[in-house]
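Worksheet: the structure to be examined is printed underneath.
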Amino acid sequence: MRIEAVIFDWAGTTVDYGCFAPVQAFAEVFKHFGIEPTMDEVRKPMGMLKRDHIKTMLGMDRIHGLWLEKYAREPEEKDIDSMYSLFEEKLMSILDRFAEPKPFVLDAVSKLRDMGMKIGSTTGYTDEMMAVVTREAKAAGYEPDCWFSPNSVGNAGRPYPFMIFKNMETLKISGVQNVVKVGDTVSDIKEGKNAGVISVGILEGSSEMGLTQEEYEALDELQREIRLEKAKNVFEAADADYVIKNMKKLPQLIEKLGQ
């Protein structure tokens, strides 16, 4: 098998350790509308198009019940539009502070390029959000060959496979079997599986683990292994082909797949 391209997610995978920018914005939006979401509820749909993320959260049993209790009616599309508009405003105000490449990313991408890999990317962010993230990431040394948001595929974001196919078209990749997709959420894994590419979950700094770098490094060895194993089980249950601890492990995996 010859791997031709690696397609990365952004927040929680290559930048924004722990994927905190959208989490913070989603939590603030729901609080504004009188509902206090748990971190698990906020993170469960992570990786989806952000409007779809809000809609999914509103459909969760506990949140849906709190909405009915507060508003005495079902949430409507206009409610989702209002929440999404506020989400965009809140996220755009903080995004430039959450685009720092994660540990090992720059080195791993450099090694992959030396191996002849093309570097693509997909995201749950919109084009407007990505204008900020890509600018800041580039200034810090990370720039893939191309990126596509749900805006480029009729807003059919993850778990649909279309952003991956747009990458393949742009990068001139010969077949899905020659592509590896790397992400930090169940939505990422499903996107890769639906595209028929090799789907890889990354553990450290992922939304699935939901820890800052400081929180993760403060764990003792046993606590760390427990958290890693828990996240690994989630990715494997989503049918990930491989799960790696961090980006340092990726070039080794790509090399192995190419043998």
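What to note about this one:
- Against the list (1) touching an Asp or Glu at 6+ places or on another chain (Cβ under 8 Å); (2) open to solvent by 40 Å² or more (accessible area, probe 1.4 Å), the condition VAL243 fails is (2).
- Tally of residues being within 16 Å of VAL197 (Cα to Cα) and over 18 Å from the mean Cα position of the chain (by Cα) across the range 234-254: 2
- Scope the range 80-126; condition in contact with a strand residue (DSSP E or B) (Cβ under 8 Å, 6 or more places away or on another chain) and part of a helix (DSSP H, G or I); matching residues: VAL105, VAL109, LEU112, ARG113
- Of the residues making up the range 158-169, one or more are without any contact (Cβ under 8 Å) to a residue 12 or more places away in the chain, more than 22 Å from MET92 (Cα to Cα) and surrounded by fewer than 18 Cβ atoms within 10 Å (Cβ to Cβ).
- Residue list for the range 63-89, restricted to those being at negative phi, loosely packed, with under 15 Cβ neighbours inside 10 Å and of a type outside the set (D, E, K, R): GLY65, LEU68, TYR71, SER85
- Qualifying positions in the range 217-233 - more than 20 Å from the chain's Cα centre (by Cα), open to solvent by 90 Å² or more (accessible area, probe 1.4 Å) and among the charged types (D, E, K, R): GLU217, GLU221, GLU225
- Answer residue from the range 1-59, given it is basic (Lys, Arg) and modelled with pLDDT of 95 or more and is farthest from ILE202 (Cα to Cα) among those: LYS31
- Output for the range 34-62, where each listed residue is open to solvent by 10 Å² or more (accessible area, probe 1.4 Å), among the hydrophobic types (A, V, I, L, M, F, W, C) and touching a Lys or Arg at 6+ places or on another chain (Cβ under 8 Å): MET48, LEU49, MET60
- Cβ pairs under 8 Å, 6+ apart, first in the range 65-81 and closer than 14 Å to ILE54 by Cβ, second open to solvent by less than 90 Å² (accessible area, probe 1.4 Å) and among the β-branched types (Val, Ile, Thr): TRP67/ILE35; ILE80/ILE54
- Looking only at the range 130-173, and only at residues there that are in contact with a Leu (Cβ under 9 Å, 6 or more places away or on another chain) and among the acidic types (Asp, Glu), the one that is farthest from ASP9 (Cα to Cα): GLU136
The values are calculated or read from the model by the stated rules, or taken from the named source; none is laboratory data. No experiment lies behind these values; they were computed from the predicted model shown. Reconstructed Cβ throughout: ideal geometry from the backbone, glycine too, with neighbour counts over all protein chains shown. These accessible areas exclude ligands, DNA and RNA; they are computed on the full protein's heavy atoms, side chains included. Shrake-Rupley method; radii C 1.70, N 1.55, O 1.52, S 1.80 Å.
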